[in-house]
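A.B. asks: Got a structure for you, written out below as structure tokens; questions coming shortly.
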Amino acid sequence: MNRRQAVRATLTAATAASVFRAGLRVARAQQPTGTATANTLYLNPGAGADANSGSKDSPLRTLAEAARRVNQSTGSGPMTIILSEGIYAVGETTLLKPEQRAFTKTDRLTIRAEVLPDDPEWHTGRMPTLIHTMPLSPTWNGRPDPLGGAADGMLIETSHVSILGLKILGLPVVESPRPGLIKRLYAISRLRRDLEDLEIAQCIFAGDEVTNPNHVAVIAHGSGINVHHCIFRGLKISVVFWTPGSSGHAMTNCLCHDLYGSGVWTASIASDFVYRNNIVNNCNYVWTAQGGSSALADAGGRGGGQSASAPAQQAPVEYRVLGSYFANNRRLAGSGTGARLEFKDIDASFLKLTDTTTVQQAVEFERDSTKADYLHPVAGSDAAKVGAGVFTKPRPQ
């Protein structure tokens, strides 16, 4: 058994259980019973087995198996994958590609924690925790990878998807390094430009460039990418909005801390991008702006059948920045391309700051893990007033 297999075997033995609570949307608020239903699958990393039915009393073990059952499903209506608390060793890409079932804005595919952060009984220890142990693929996005390989944690090939309340960690480094190797995890990927409506909410993405790199939390083509109430710590990039000219995107109430790339990456998406109530602290850049032609060249691979043309203008698209807090970052804006740190400083005048604070003093975070607001700005601070973090409503006192 090699070291990666040993890590995987150890992690899959971890176990815990919890109580199902209602989610954010009407579809999530429907309480499934303990018996199996065609549209609800339960996971438990310790008590589950992939040969089980997937009911609450007979849960599956892996997210990949749940995805296979979604992909094999037929008919209509929403589907929900519910993860109990515990540690999930992700040994293969979770491919979500149903071919005989179409979801809608109201009848969604939802992947969610059993207990969400707004539940009074929640704490960070109750979050399902995904640790990625899969080998690196020699290809990424449909073509050979020049940097030694990459991995997709979840690869989404359908519209109308919500991912809620998960803690997603990087790739443990156990191999000997090689010259030019950049170990890259793309935790959540959507690589087709013809897709729409992807929601990522109340999740924590964490990593470390040296020990467990988490290269990009969310990289997504298409329209309607809505990332809100998430925490990003120690990654290279939080979210890459990757299709030039695409619209309907939002990033709100998110907290980006210690990112060695940037707090957000926009590839000439439309100016209707809603960027509001975010905190970016101690990062290399607050914002990376990539030109449309450069983004299309980088994307390569699969295009999903929808032609996308780069915007004609060379200057960065202008965006409004509302009610946000930028603290102790090296620079406000840069440009970049590719997986290496090929950034350069640029004029940040394309960012129109409104009610946004820019300071040199770093944000102070709650370090007591027994408190509900662990990893959030300390209560009462100016940064805490922004409302960034995993809670969509005030915590009960």
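A.B. asks: Looking at the stretch 349-364 only, could you name the residues that are in a loop (DSSP other than H, G, I, E, B) and surrounded by 19 or more Cβ atoms within 10 Å (Cβ to Cβ)? Before you say what the answer is, go through the steps one by one.
C.D. replies: First, the residues of the stretch 349-364 that are in a loop (DSSP other than H, G, I, E, B): 349-350, 355-356, 360-364.
Answer for the stretch 349-364, where residues must be in a loop (DSSP other than H, G, I, E, B) and surrounded by 19 or more Cβ atoms within 10 Å (Cβ to Cβ): Thr356, Val363.
A.B. asks: A further question follows. Would you mention how many residues in the stretch 386-397 are open to solvent by less than 30 Å² (accessible area, probe 1.4 Å) and either of a type in the set (D, E, K, R) or at pLDDT below 95 (or both)?
C.D. replies: The number of residues fulfilling the criteria is 0.
A.B. asks: OK, next. Of the conditions (1) part of a loop (DSSP other than H, G, I, E, B); (2) of a type in the set (Gly, Ala, Ser); (3) modelled with pLDDT under 95; (4) under 30 Å from Lys183 (Cα atoms), Gly334 fails just one. Which one is it?
C.D. replies: It is condition (1) that Gly334 fails.
A.B. asks: Go through the stretch 294-319 and count every residue that is at pLDDT 65 or above, in contact with a Pro (Cβ under 8 Å, 6 or more places away or on another chain) and open to solvent by 30 Å² or more (accessible area, probe 1.4 Å).
C.D. replies: Qualifying residue count for the region: 1.
A.B. asks: Hey, any hits in the stretch 230-242 for a residue that's among the aliphatic types (A, V, I, L, M) and over 14 Å from the mean Cα position of the chain (by Cα)?
C.D. replies: Step one: list which residues in the stretch 230-242 are among the aliphatic types (A, V, I, L, M), which gives 231, 235, 237, 239-240.
Checking which are over 14 Å from the mean Cα position of the chain (by Cα) leaves us with none.
The answer is no, given that none of the residues of the stretch 230-242 is among the aliphatic types (A, V, I, L, M) and over 14 Å from the mean Cα position of the chain (by Cα).
A.B. asks: Just to be sure I understand, how many residues within the stretch 270-284 are in contact (Cβ under 8 Å) with a residue 60 or more places away in the chain and within 19 Å of the chain's Cα centre (by Cα)?
C.D. replies: Filtering the stretch 270-284 down to residues in contact (Cβ under 8 Å) with a residue 60 or more places away in the chain leaves 277-279, 281-282.
Add one more test, that the residue is within 19 Å of the chain's Cα centre (by Cα), and what stays is 277-279, 281.
Counting residues in the stretch 270-284 that are in contact (Cβ under 8 Å) with a residue 60 or more places away in the chain and within 19 Å of the chain's Cα centre (by Cα) gives 4.
A.B. asks: Scan the stretch 365-385 and tell me whether some residue there is assigned to a strand (DSSP E or B), surrounded by 15 or more Cβ atoms within 10 Å (Cβ to Cβ) and more than 21 Å from the chain's Cα centre (by Cα). Can you show your working first?
C.D. replies: So in the stretch 365-385, the residues assigned to a strand (DSSP E or B) come out as 365, 377.
Filter once more, so that each one left must be surrounded by 15 or more Cβ atoms within 10 Å (Cβ to Cβ): 365, 377.
After this cut, where a residue has to be more than 21 Å from the chain's Cα centre (by Cα) as well, the list is 365.
Yes, the stretch 365-385 contains at least one residue that is assigned to a strand (DSSP E or B), surrounded by 15 or more Cβ atoms within 10 Å (Cβ to Cβ) and more than 21 Å from the chain's Cα centre (by Cα).
A.B. asks: Quick check on the stretch 215-265: of everything there that is in a loop (DSSP other than H, G, I, E, B) and aromatic (Phe, Trp, Tyr), which residue is most open to solvent (accessible area, probe 1.4 Å)?
C.D. replies: Let us first name the residues in the stretch 215-265 that are in a loop (DSSP other than H, G, I, E, B), namely 215, 221-222, 229-230, 234-236, 242-249, 253-254, 258-261, 263-264.
Adding the requirement that they be aromatic (Phe, Trp, Tyr) leaves 242, 260.
Numbers: Trp242: 17, Tyr260: 49 Å².
Ranking the candidates gives Tyr260 first.
A.B. asks: Scan the stretch 192-214 for residues that are under 21 Å from Leu155 (Cβ atoms) and either surrounded by 24 or more Cβ atoms within 10 Å (Cβ to Cβ) or basic (Lys, Arg) (or both) and jot them down. Walk me through how you get there before you give the answer.
C.D. replies: Going through the stretch 192-214, the residues under 21 Å from Leu155 (Cβ atoms) turn out to be 192-201, 203-207, 212-214.
Result: Arg192, Arg193, Leu198, Ile200, Ala201, Cys203, Phe205, Gly207, Asn214.
A.B. asks: Before we move on, is Leu83 open to solvent by less than 10 Å² (accessible area, probe 1.4 Å) and in contact (Cβ under 8 Å) with a residue 12 or more places away in the chain? Don't jump to the end; show me each part of the working.
C.D. replies: Details: open to solvent by less than 10 Å² (accessible area, probe 1.4 Å): yes; in contact (Cβ under 8 Å) with a residue 12 or more places away in the chain: yes.
Taking the combined requirement at face value, the residue satisfies it.
A.B. asks: Which one of the conditions (1) in a loop (DSSP other than H, G, I, E, B); (2) open to solvent by less than 20 Å² (accessible area, probe 1.4 Å) does Ala66 fail to meet, given that it meets all the rest?
C.D. replies: (1)
A.B. asks: Quick check: is even one residue across the stretch 49-60 surrounded by fewer than 16 Cβ atoms within 10 Å (Cβ to Cβ), part of a loop (DSSP other than H, G, I, E, B) and at pLDDT below 95? Lay out the reasoning, then the answer.
C.D. replies: Of the stretch 49-60, the ones surrounded by fewer than 16 Cβ atoms within 10 Å (Cβ to Cβ) are 49-51, 53, 57.
Next, from what is left, pick out any that are part of a loop (DSSP other than H, G, I, E, B): 49-51, 53, 57.
Filter once more, so that each one left must be at pLDDT below 95: none.
Among the residues of the stretch 49-60, not one is surrounded by fewer than 16 Cβ atoms within 10 Å (Cβ to Cβ), part of a loop (DSSP other than H, G, I, E, B) and at pLDDT below 95, which makes the answer no.
A.B. asks: Which pairs have Cβ atoms under 7 Å, sit 6 or more apart or on different chains, and link a residue in the stretch 139-167 that is without any contact (Cβ under 8 Å) to a residue 40 or more places away in the chain to one that is among the small types (Gly, Ala, Ser)?
C.D. replies: From residues that are without any contact (Cβ under 8 Å) to a residue 40 or more places away in the chain, the pairs are Gly148/Gly180; Gly149/Ser137.
A.B. asks: Now for a separate question. Which of the residues that make up the stretch 76-108 are in a loop (DSSP other than H, G, I, E, B) and polar (S, T, N, Q)?
C.D. replies: Ser76, Ser84, Thr93, Gln100, Thr104, Thr106
A.B. asks: Do you know which of the residues in the stretch 98-134 that are more than 25 Å from His228 (Cβ to Cβ) and either polar (S, T, N, Q) or in contact with an Asp or Glu (Cβ under 8 Å, 6 or more places away or on another chain) (or both) is most open to solvent (accessible area, probe 1.4 Å)?
C.D. replies: Gln100
A.B. asks: Checking Glu342 against (1) among the acidic types (Asp, Glu); (2) closer than 19 Å to Cys254 by Cα; (3) touching a strand residue (DSSP E or B) at 6+ places or on another chain (Cβ under 6 Å), only one condition comes out false. Which one?
C.D. replies: (2)
A.B. asks: Taking the options Ala267, Ala206, name whichever one is over 27 Å from Ala315 (Cα atoms) and without any contact (Cβ under 8 Å) to a residue 60 or more places away in the chain.
C.D. replies: On the way: Ala267 fails: over 27 Å from Ala315 (Cα atoms).
So the residue among Ala267, Ala206 that is over 27 Å from Ala315 (Cα atoms) and without any contact (Cβ under 8 Å) to a residue 60 or more places away in the chain is Ala206.
A.B. asks: Separate question: Going through the stretch 266-280 one residue at a time, which ones are among the aliphatic types (A, V, I, L, M) and part of a strand (DSSP E or B)? It would help to see each step written out before you state the result.
C.D. replies: Initial filter on the stretch 266-280 (among the aliphatic types (A, V, I, L, M)): 267, 269-270, 274, 279-280.
Val274, Ile279, Val280, listed by residue number.
A.B. asks: When only residues in the stretch 320-348 that are more than 24 Å from Val390 (Cα to Cα) and among the hydroxyl-bearing types (Ser, Thr, Tyr) count, which is surrounded by the most Cβ atoms within 10 Å (Cβ to Cβ)?
C.D. replies: Across the stretch 320-348, the extreme among qualifying residues is Ser335.
The values are calculated or read from the model by the stated rules, or taken from the named source; none is laboratory data. Here the structure is a predicted model, which is why all the values come from computation and not from measurement. Don't worry about glycine lacking a Cβ; one is built from the backbone with ideal geometry, like all the others, and counts go over all protein chains shown. Calculation scope for accessible area: heavy atoms of the full protein, side chains included, ligands and nucleic acids excluded. Shrake-Rupley method; radii C 1.70, N 1.55, O 1.52, S 1.80 Å.
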